[in-house]
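Notes follow once the structure below has been shown.
Bear in mind these aren't lab numbers, they're just calculated from the coordinates by the rules spelled out. This is a predicted model, so every value here is computed, not measured. When we count neighbours, we look across all protein chains shown, and the Cβ atoms used for this are built from the backbone with ideal geometry, even at glycine.
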Amino acid sequence: MSFFTDFYNKVFSFFKPQENVESNVKDVARSRLKLVLMQDRTNLTPKILEQMRGELIDLLSKYVELDKELLELNFEQEGDQVALMLSIPVIRAKDEKEIEEAIKKDALLKGIKLADDEDEPDETSEESEVTSENGEEITQTAEEGESVSGEENQESAADNNEEQAAVENEQTESSDNESSPEAV
Amino acid sequence: MSGRVIVITSGKGGVGKTTTSANIGTALAKAGNKVVLIDTDIGLRNLDLLLGLENRIVYTIVDVVEERCKLKQALVKDKKNPNLSLLAAAQTRDKSAVSQEQLKDICEKLKKDNDFILVDCPAGIEQGFQNAVAGASEAIVVTTPEMSAIRDADRIIGLLAAREEIESYKLLLNRVRPNLIATNDMMSVEDVVELLACDLIGIIPEDTGIISSTNKGDPIVNDEKSLAGQAYRNVARRIMGEEVEFLNLEEDKNIIGKIKNFFEKTIKEIKAKI
């Protein structure tokens with residue numbers, strides 16, 4: 001009897017896989033390509049995208065209370081144009097007082113961070129805020145960004161090259177994009 | 001007369017640029033157009049082989065550029081069709097032997113007494129590509145429904161879109177295998193078009209006849225029975241401005257699908273009885 005069931009299973013599996021396993025192959029290819037094409041087109045790595053997401057949450061949290069878990073940041077294609085789609089589930093809008101407080105707190109926080117950075121540059125997120133603080137003077141920012149990452153090169157040899165490259169990339173790209181809203 | 005200069009490019013190698021050039025060129029010439037094919041893959045020439053003209057080449061594009069012969073002397077006439085001629089690449093030199101300006105100049109001269117100038121581009125996005133694109137105002141991007149070919153095609157489309165001289169670029173999807181699409185093992189034509197966001201000019205099915213036609217040096221468009229040949233002839237008609245429907249490649253998929261469905265149903269019934 002076991003011979004028959006084995007044989008049956010073999011025959012059945014010959015027809016079956018096209019439903020279970022193989023139906024995924026094309027979809028896997030499609031979604032892998034979709035992601036890789038967006039990265040190719042925009043020159044943004046997943047790490048930088050994640051950082052951008054974090055900074056956007058920080059910025060928007062000053063004005064509205066939002067559901068951070070459900071915030072979606074995607075590149076979408078419409079025709080031959082690539083659009084940055086940001087979907088923000090808003091819990092409630094903050095009132096004027098709260099906004100003012102948040103801005104003050106933010107400015108204070110940055111002031112402290114800036115002072116810290118001059119002593120010991122350690123974290124990538126802090127570095128990026130240095131550039132955005134001084135974003136108004138782009139040339140100066142770029143110089144500072146380079147020198148900071150240079151120091152990092154020497155200090156933390158454990159960090160791999162890729163990470164440092166990403167940091168440098170991020171600094172040059174973020175300098176003009178984020179300067180205006182952050183430097184309020 | 002002012003001919004149209006169309007570059008045939010892909011980024012990735014081996015997706016069928018040269019085969020496409022030979023077939024579209026032959027089909028356009030068969031339809032009564034005067035056509036010149038230019039092989040810009042200097043150092044790795046192959047278009048002459050596909051056309052069966054390898055023994056007739058006396059002068060190459062490098063000889064023209066270095067003024068060892070006149071442009072007309074370097075044009076090799078096709079065996080079957082006097083409307084079609086080939087400007088071959090040199091085999092002993094490299095891509096730096098011809099500059100963008102020189103290629104542009106050759107295209108301008110050929111425009112005067114030809115309807116179509118098809119430029120067969122080398123693989124890659126370096127100098128060879130830049131040269132080939134220099135004289136063209138239209139482009140056909142050849143790709144296959146595979147990951148790497150699609151990714152490279154996307155790069156090429158980006159580069160073409162950035163060039164002002166390129167007025168239009170279209171996608172030619174080569175080596176499509178309907179049976180693999182039917183089993184969801186290969187991305188469909190719609191998937192590729194959606195990913196690349198580029199208009200289609202042709203869908204060419206995988207055809208073993210291509211191998212024998214290459215071996216014979218006789219483009220498959222000359223084979224009236226071949227499906228790939230039919231698809232290439234349709235591409236030529238679309239280039240000429242005709243509206244031609246895309247071939248229905250899913251027909252035999254349906255037959256295979258029906259047979260499979262039948263077996264699957266029977267097996268399910270047997271299983272239910274057990």
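Roughly speaking, what is the stretch gain from A:VAL90 to A:ILE57, that is 0.36 nm per residue apart minus the C-alpha to C-alpha distance, in nm to one decimal?
In short, 10.7 nm is gained.
Using R₀ = 30 Å, calculate the FRET efficiency as 1/(1 + (r/R₀)^6) where r is the Cβ-Cβ separation of B:GLU243 and B:ALA161; round to 0.05.
Efficiency, from the Cβ-Cβ distance: 0.75.
Contour minus end-to-end for A:GLU69 and A:VAL36, with contour as 0.36 nm per residue of separation and end-to-end as the Cα-Cα distance?
Going from the current span to full extension adds 9.5 nm.
Using only alpha-carbon positions, what ratio does the radius of gyration of region B:130-274 give when scaled by 2.2 N^0.38 Å?
1.30
Counting other C-beta atoms within 10 Å, which of A:MET85, A:MET52, B:MET240 has the fewest, and how do the rest follow?
Placing the least packed residue first, the sequence is A:MET85, B:MET240, A:MET52.
Counting other C-beta atoms within 10 Å, which of B:ASP207, A:ASP106 has the fewest, and how do the rest follow?
A:ASP106, B:ASP207
Give the long-range amide H neighbours of B:MET186: residues separated by 5 or more places, or on another chain, with amide H under 5 Å away, using H modelled in the peptide plane at 1.01 Å from N.
B:ILE181
Restricting attention to region B:118-161, which GluC sites (Glu not before Pro) occupy a DSSP loop and are surrounded by at most 13 other Cβ atoms within 10 Å?
B:GLU126
Could you work out Rg/(2.2 N^0.38 Å) for chain B, with Rg from alpha carbons only?
So chain B has a normalised radius of gyration of 1.10.
Subtracting the Cα-Cα distance from 0.36 nm times the residue separation, let me have the gained length for B:GLU67 to B:GLN100 in nm, one decimal.
That pair, B:GLU67 and B:GLN100, stretches by 10.2 nm at full extension.
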